[in-house]
Amino acid sequence: MFDIYYIVMSEHYVSKEKMEELKHELRELKTSHRIEIAERLKRAKEFGDLSENFEYAQAKEDQDHLEHDIFKLENLIKNSSVITKSKNKSVVSVGLTVALRKADKSTSTFTIVGSQEADPSHNKISNVSPIGKELIGRKIGDVVKVKTPKGSVVQYEIIAIE
């Protein structure tokens, strides 16, 4: 089955490719998945008494889950903005890649993405993550301090924005 996307009140940012993927997933849920459940309901009704019909109850439950997933996905698409790379590369924004230097002189590079596409193992961090929040709106040369989940504070200097 498809992933469920949770909606928060703030706007979501997604790449053009991710938006297309979400729209494709919604089409699949609204067409083939709805048809599949409707067929299961029809077959289950043929077994007779619906009050004691496990197949019917399971299909109805699956239908409820599907409609819930469709609702959430529609809201996600409606409340998302497609990331357009800023031409102004002097300020960190969603869609840009940022090179950082720690106090120990080690460097890291991250691309700021929306929460739906965050993948720290591939250096894609969310704009709502602790480090993403600190970087948004900053410039080359700025120093940001980020509290880690373990409670320590890491200091980064922005050395490049692409």
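The values are calculated or read from the model by the stated rules, or taken from the named source; none is laboratory data. It should be emphasised that the depicted structure is a prediction, and the values quoted were computed from it without experimental measurement. Ideal geometry is used to build each Cβ from the backbone, glycine not excepted, and the neighbour counts take in all protein chains shown.
For the range 74-110, the set of residues classified as among the hydroxyl-bearing types (Ser, Thr, Tyr), farther than 23 Å from Val153 by Cβ and either loosely packed, with under 13 Cβ neighbours inside 10 Å or free of Cβ contacts under 8 Å to residues at least 40 places away in the same chain (or both) consists of Ser81, Thr84, Ser86, Ser90, listed by residue number. Selection of the range 5-47 for residues being under 19 Å from Ala118 (Cα atoms), among the small types (Gly, Ala, Ser) and modelled with pLDDT of 80 or more yields only Ser15.
Let's see how each residue does on (1) of a type outside the set (Phe, Trp, Tyr); (2) part of a helix (DSSP H, G or I); (3) not assigned by TED's automatic domain parsing to the domain that holds Met19:
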site: Leu73; (1), (2), (3): yes, yes, no
site: Ile77; (1), (2), (3): yes, yes, no
site: Lys87; (1), (2), (3): yes, no, yes
site: Asp104; (1), (2), (3): yes, no, yes
site: Thr109; (1), (2), (3): yes, no, yes
site: Ile112; (1), (2), (3): yes, no, yes
site: Gln116; (1), (2), (3): yes, yes, yes
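When Leu50 is tested against the conditions (1) at pLDDT below 90; (2) under 30 Å from Val146 (Cα atoms), the lone failure is (2).
Of all residues in the range 96-127, how many are at pLDDT 90 or above and either within 29 Å of Asn79 (Cβ to Cβ) or under 22 Å from the mean Cα position of the chain (by Cα) (or both)?
Number of matching residues: 18.
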